[in-house]
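I have placed the structure first, in the form of structure tokens, so that the comments after it can refer back to it.
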Amino acid sequence: MAVLEVKHLSIQFGGLRAVDDFNLEVDHNELVGLIGPNGAGKTTIFNLLTGVYLPTEGSIHLNNVSTVGKRPSDIVLLGSSRTFQNIRLFKNMTVQDNIKVAYHNRMDYNIFSSIFKTKKYKIEEARANEIARELLEVFDLLEFEQHLAKNLPYGKQRKLEIARALATNPQILLLDEPAAGMNPQETEELMATIKLIKNQFNVSILLIEHDMKLVMGICERIVVIDYGKIIAKGQPKAIRENKNVIKAYLGE
Amino acid sequence: MKLKLTQLKNTLLDPRFINYTIIVTIFLTMFLLIQTNAVNRYIYNLLIMVLIMIVMSTSLNIATGFLGELVLGHAGFMGIGAYTAAILGIALRPYIATDLLLFGASATGAMILAGIAGLLVGTPALRLRGDYLGIMTLGFGEIVRNLITNLSSITNGAQGLSGIPRIMTFSIAFWTTVMIVTIIFLFMNSRHGRAILSIREDEIASESVGINITRYKLLAFVLASMFAGIGGAMFAFKDGFLAPNSFNFLKSVEIFVIVVLGGMGSLSGSIISSIVLVFLPEYLRDFNQYRYLLYSSVLIIIMLYRPQGLMGTKEFDFTKIKAKLTTLVTTIKKRLKKGRE
Amino acid sequence: MELFIRQLINGLNTGSIYALVAIGYTMVYGIIKLINFAHGEIMMFGAYFAFLLAFTLSFNLPFLLVIVLSMSFAAILGVLIERVAYKKLRQAPRISALITAIGMSLFLQHLAQLIFGSTPYVMKPLIDTTPVVLFNFAIPKLTLLTIGLSILFMLLLSFFVLKTKPGKAMRAVSQDKEAAILMGINVDNVISMTFAIGSALGALGGIFYAMTYSQIYPTMGVLPGLKAFIAAVFGGIGSIGGAMLGGYLIGIIETMTKAYISSKWVDVIVFGLLIVILLFKPSGILGKNTKEKV
């Protein structure tokens with residue numbers, strides 16, 4: 001069964017059709033790459049999927065529920081979660097609190113519980129701390145638990161952003177250029193982390209990336225777009241040899 | 001027996017216990033000073049003013065410090081609270097003999113009305129960002145002041161409303177303030193408070209992890225206005241007299257300066273700077289004509305050289321003083337040792 | 001009908017003043033995205049300058065020279081404020097710059113209070129006030145001059161911004177500061193120039209305001225400053241044409257309210273209007289919508 005089902009998705013900005021008839025299905029626990037030259041419309045697709053933009057046409061279904069017209073925060077509740085091209089952390093909050101914010105909707109106590117510090121408040125907070133600790137452990141960030149997010153080195157900030165996205169308990173994770181700005185060694189490490197996430201958290205992953213090595217190395221299926229249109233889709237090997245793709249990247 | 005002793009020791013060293021003890025000690029000291037007439041009427045009034053400003057600044061801190069929105073009309077909510085409480089207080093005086101109960105009832109009314117005003121202004125206003133929100137709240141504050149002046153059948157207009165029972169004692173003011181600051185502190189340390197902080201840090205990221213930013217912005221804004229309403233109620237019962245001009249733009253700026261000086265996002269910062277900014281100008285009486293010149297220079301200098309304010313986003317913690325003192329003592333001991341060697 | 005036309009003329013008079021002041025807000029906002037709260041105080045200082053030049057010197061300066069000199073002093077003050085308080089904060093969060101602007105506004109108010117005292121000075125009109133009869137209406141010369149000079153200066157400004165090289169540089173900086181730097185434009189100079197022009201026009205507005213209401217006092221800039229700001233938002237902040245349009249509209253709405261409703265409700269209506277504009281079209285009449293990029 002498809003976790004994410006996108007049909008005939010299009011968006012028009014003035015005279016520009018930034019995304020044109022985009023179709024995609026992502027299955028449970030599948031890792032799909034979305035690639036294309038600069039300005040092809042990849043991030044726009046992410047913004048459509050997460051509810052930042054409203055599509056001009058087409059449908060998006062998350063677990064058979066339509067997300068079109070819903071607020072970004074409600075779409076998260078339906079089971080999708082994302083990271084950003086230019087890292088967006090809660091910089092002046094601790095690493096632990098970054099995770100706990102994302103865990104917000106899975107906690108169950110109201111304002112009065114927090115003011116009176118009820119038992120429920122204490123139990124829920126303790127559980128949140130525990131979950132945060134487990135997540136940070138997986139990402140090797142536990143020792144930075146009480147550090148401010150802005151003080152982490154770049155690679156770790158990327159990891160924290162992914163961990164935060166996972167804390168919302170998504171069924172599909174949308175990663176927007178996770179390897180941007182990383183050196184080859186960090187990229188290598190990131191590939192391992194992504195594989196680990198897929199297996200350990202049992203999620204589907206949709207990934208935008210420029211680093212071909214990373215995309216070819218871990219994606220099971222790749223969709224290539226150019227000028228907002230799909231120009232190729234298939235297994236990494238087939239994509240590598242696809243004429244349209246080569247043309248799009250290298251020009252005529 | 002031994003078990004009981006360790007238990008006792010643990011309770012005594014519990015941070016919360018220490019904080020409670022210190023609050024009670026402060027209260028008892030002040031109370032004794034007042035009872036023994038060591039504190040004159042003038043200082044007594046100033047003390048209550050400090051407490052009112054603490055309520056005003058910590059509440060504004062929810063919207064400006066923690067949520068990160070510019071609110072330039074906090075005095076408007078204070079005005080709504082003050083007039084509501086005053087009118088209720090005058091009307092209820094014949095039925096409620098106890099001062100505390102009278103204050104409780106009037107302050108509750110003030111809080112509710114100010115909260116409703118906050119909801120009415122906040123719902124549309126929070127769609128705007130940054131400076132626009134600031135301007136809109138400024139406009140709101142001016143409208144409130146004009147309404148108070150113009151609706152003279154209810155408020156007695158520009159002449160001011162008098163005959164309000166003067167029931168604001170130090171004890172009532174103190175414990176109201178402690179209660180409000182504690183509630184704000186606990187609230188900010190909950191999942192709701194974290195959601196609000198995350199909006200300040202990055203709205204888009206906050207939404208992307210499932211925080212309903214509209215709801216939490218509104219929650220912060222309404223809470224801030226509710227507590228401002230209580231601050232207004234305290235103010236109304238202090239002098240027994242209210243005039244619309246007590247709630248003008250300058251008042252909003254004064255509260256704002258306290259928050260900025262103390263550090264946006266620090267409750268203890270707001271408390272400290274409330275004390276400083278209420279007492280300092282009073283003690284520099286001859287200096288009074290320079291008062292606002294001082295305020296404004298402080299504001300500019302802080303923004304230029306220490307934009308995070310005195311405390312930044314940190315909180316002052318009594319329990320940490322002990323740890324700090326210990327480190328201080330050890331370093332001094334080491335230095336001495338070195339000196340001897 | 002006669003009352004209506006009379007009020008319309010009054011509205012144009014007040015509107016000219018708001019338009020002049022609104023231009024300063026909108027230009028500064030266009031260039032550095034800052035609401036210069038101290039602009040109302042520059043207006044006030046402009047009026048004081050004119051008062052000092054006209055009434056305290058032992059010799060009589062011609063009216064036009066008084067105006068030009070006061071405008072120049074105000075321009076210097078504006079540039080000084082930018083250099084001292086705002087320049088350092090260009091990269092800082094916008095809220096810091098805005099707080100500084102509020103601080104600057106208060107500072108200048110109380111500085112004026114310290115220098116001139118809080119009792120108002122009486123500002124006599126600097127020109128003779130005999131009414132001129134125009135289409136059967138007796139219109140005070142001052143009103144005609146206010147409207148006429150304001151329009152003249154606005155035309156000059158439009159010419160400057162649209163047709164001259166520094167004007168082009170100014171528009172370039174407001175579009176994209178980084179790109180402007182790359183094109184070899186000295187952004188610091190452009191910003192100073194913007195403050196100078198905005199302050200000079202604000203001072204002109206202040207002088208007319210003082211003459212219309214024949215009073216000068218340290219807080220006189222607050223209310224017209226706020227209203228001029230509302231005018232700038234109404235017209236579309238960042239747009240010079242919008243500021244002029246907004247200024248006249250606010251001026252007319254205000255005088256009409258005074259004439260047909262009641263003068264006590266003027267402020268409520270104008271501030272209410274601000275809230276309505278912000279809610280339904282925050283970009284104003286001539287402004288453009290912008291959305292944050294993800």
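Number of residues in the range A:224-250 that are surrounded by fewer than 18 Cβ atoms within 10 Å (Cβ to Cβ) and either small (Gly, Ala, Ser) or in contact with an Asp or Glu (Cβ under 7 Å, 6 or more places away or on another chain) (or both) equals 3. Candidates C:Ile67, C:Ile31, C:Ile127, C:Ile81: the one that is touching a residue at least 12 places away in the same chain (Cβ under 8 Å), of a type in the set (A, V, I, L, M) and not in a helix (DSSP H, G or I) is C:Ile127. Residues in the range C:84-96 that are outside any helix (DSSP H, G or I) and either away from chain B (no Cβ under 11 Å) or of a type in the set (Gly, Ala, Ser) (or both): C:Arg90, C:Gln91, C:Ala92.
Could you please find all residues in the range B:113-136 being within 10 Å of another protein chain (Cβ to nearest Cβ) and either under 18 Å from the mean Cα position of the chain (by Cα) or among the hydrophobic types (A, V, I, L, M, F, W, C) (or both)? Those that are within 10 Å of another protein chain (Cβ to nearest Cβ) and either under 18 Å from the mean Cα position of the chain (by Cα) or among the hydrophobic types (A, V, I, L, M, F, W, C) (or both): B:Val121, B:Ala125, B:Leu128, B:Leu133, B:Ile135, B:Met136. Tell me yes or no: at least one residue of the range A:151-167 is modelled with pLDDT under 95, aromatic (Phe, Trp, Tyr) and buried (at least 20 other Cβ atoms within 10 Å of the Cβ). No, every residue in the range A:151-167 fails to be modelled with pLDDT under 95, aromatic (Phe, Trp, Tyr) and buried (at least 20 other Cβ atoms within 10 Å of the Cβ). Taking each residue of the range A:239-252 that is closer than 14 Å to A:Arg221 by Cα and looking for partners that are among the hydrophobic types (A, V, I, L, M, F, W, C) and at pLDDT below 85 with beta-carbon atoms closer than 7 Å, six or more apart or interchain, yields A:Ile239/A:Val245. The criterion of being touching a strand residue (DSSP E or B) at 6+ places or on another chain (Cβ under 8 Å) and modelled with pLDDT under 90 holds for A:Asn242. Which residues, taken from the range B:144-172, are β-branched (Val, Ile, Thr) and farther than 16 Å from B:Thr84 by Cα? Once the filter is applied, which keeps residues that are β-branched (Val, Ile, Thr) and farther than 16 Å from B:Thr84 by Cα, the range B:144-172 yields B:Thr169, B:Ile172.
Which condition from (1) within 19 Å of the chain's Cα centre (by Cα); (2) surrounded by fewer than 23 Cβ atoms within 10 Å (Cβ to Cβ); (3) more than 9 Å from every other protein chain (Cβ to nearest Cβ) is the one that A:Leu77 breaks? Every condition holds for A:Leu77 apart from (3). Please determine whether any residue of the range C:106-119 is under 22 Å from B:Phe256 (Cβ atoms) and among the polar types (S, T, N, Q). Yes, the conditions are met somewhere in the range C:106-119. Among the candidates C:Lys281, C:Lys227, the residue that is over 25 Å from C:Ile76 (Cβ atoms), free of Cβ contacts under 8 Å to residues at least 60 places away in the same chain and not polar (S, T, N, Q) is uniquely C:Lys281.
Just so you know, in the range A:41-61 the residues that are farther than 20 Å from B:Ile213 by Cβ and within 14 Å of the chain's Cα centre (by Cα) include one that is nearest to the other protein chains (Cβ to nearest Cβ), and it is A:Thr43.
Based on what the data block shows, is A:Glu137 surrounded by 16 or more Cβ atoms within 10 Å (Cβ to Cβ) and either touching a residue at least 12 places away in the same chain (Cβ under 8 Å) or under 27 Å from A:Arg158 (Cα atoms) (or both)? No; evaluated as a whole, the condition is false for this residue. Residues considered: B:Ser252, B:Ser266. Of these, the only one that is buried (at least 24 other Cβ atoms within 10 Å of the Cβ), within 14 Å of chain C (Cβ to nearest Cβ), modelled with pLDDT under 95 and within 13 Å of the chain's Cα centre (by Cα) is B:Ser252. Among the residues of the range B:90-112, none qualifies, meaning not one is within 14 Å of another protein chain (Cβ to nearest Cβ), buried (at least 19 other Cβ atoms within 10 Å of the Cβ) and modelled with pLDDT of 90 or more.
The values are calculated or read from the model by the stated rules, or taken from the named source; none is laboratory data. Just so it is clear, the model here is predicted, and its values are computed rather than measured. Cβ: placed from backbone, ideal geometry, glycine included. Neighbour counts: every protein chain shown.
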